[in-house]
Amino acid sequence: MRYLDYRSPHHAEPPQTSQIDPALTYQIATSMITELGLSDARYLTQTELHEIELAGSAYWVSEATGVEGGAMLFDLSTETRSIRETDATVSEYLSRGCLGDVATMAKSLEGEFPARQVRVLCVQDGSTRESYATTTDVGSFRLISVLRFDSAQAAGEDTSRGQVSADMALKNANFVLDND
């Protein structure tokens with residue numbers, strides 16, 4: 001305690017500037033909206049993105065359908081963890097705010113890029129929220145594509161949401177590769 005006043009002041013690290021063009025992230029997110037046919041989707045503001053700790057991403061919500069999603073790009077030269085090592089972090093993020101029961105699953109996806117999909121189910125007060133995040137390494141980028149559904153999948157839906165999410169993530173990865 002005697003030396004408390006003599007410690008060196010803490011200087012926060014300056015934020016790293018990204019070399020990733022934000023337009024690319026928004027193009028990916030717009031493609032997701034179009035693919036899902038969501039005419040009412042709106043992008044979150046920078047303030048809203050900051051509140052949910054997704055600054056730097058392109059994230060959208062469709063109030064009418066209860067579907068939301070988005071994309072994030074990271075420079076692989078600064079990322080040291082393997083895709084598999086990010087599963088716990090992604091799982092934790094997707095389950096934040098769930099005060100009910102949580103179930104998680106992670107799996108590798110077959111495709112032309114290394115990819116992992118994390119699925120989180122939150123059951124709270126009789127409602128189910130289903131979230132998918134697919135992490136893909138493509139070129140010099142790590143792409144994370146997110147889809148969230150505010151209701152359980154209906155029995156009559158043709159394609160599983162997990163497959164829709166995986167297909168969309170791999171399509172997003174191809175887009176990044178073509179525009180890198």
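Throughout, read-outs are computed from the coordinates displayed, never taken from laboratory work. Small disclaimer: the values here were computed from a predicted structure and weren't measured. Methodologically, a virtual Cβ is constructed for each residue, glycine included, from the backbone with ideal geometry; neighbour enumeration extends over all protein chains shown.
Is the shape of segment 22-178 rounded, prolate or oblate, going by the alpha carbon gyration tensor and its root eigenvalues a ≥ b ≥ c, with a/c under 1.5 for rounded and a/b larger than b/c for prolate? Cα axes put segment 22-178 in the rounded bin.
How would you classify segment 22-65 from its alpha-carbon gyration tensor, with a ≥ b ≥ c the square roots of the eigenvalues: rounded for a/c under 1.5, else prolate if a/b is greater than b/c, otherwise oblate?
It is oblate, given that a/c is not under 1.5 and a/b is not larger than b/c.
Just order 46-55, 87-96 by mean Cβ neighbour count inside 10 Å, highest at the front, would you?
87-96, 46-55
Near residue 76, the amide H atoms lying under 5 Å from its own belong to 141, 142; only residues 5 or more places off or on other chains count, and H is placed 1.01 Å from N. For residue 78 and residue 103, a Förster radius of 35 Å and the Cβ-Cβ distance give a FRET efficiency of 0.65, rounded to the nearest 0.05.
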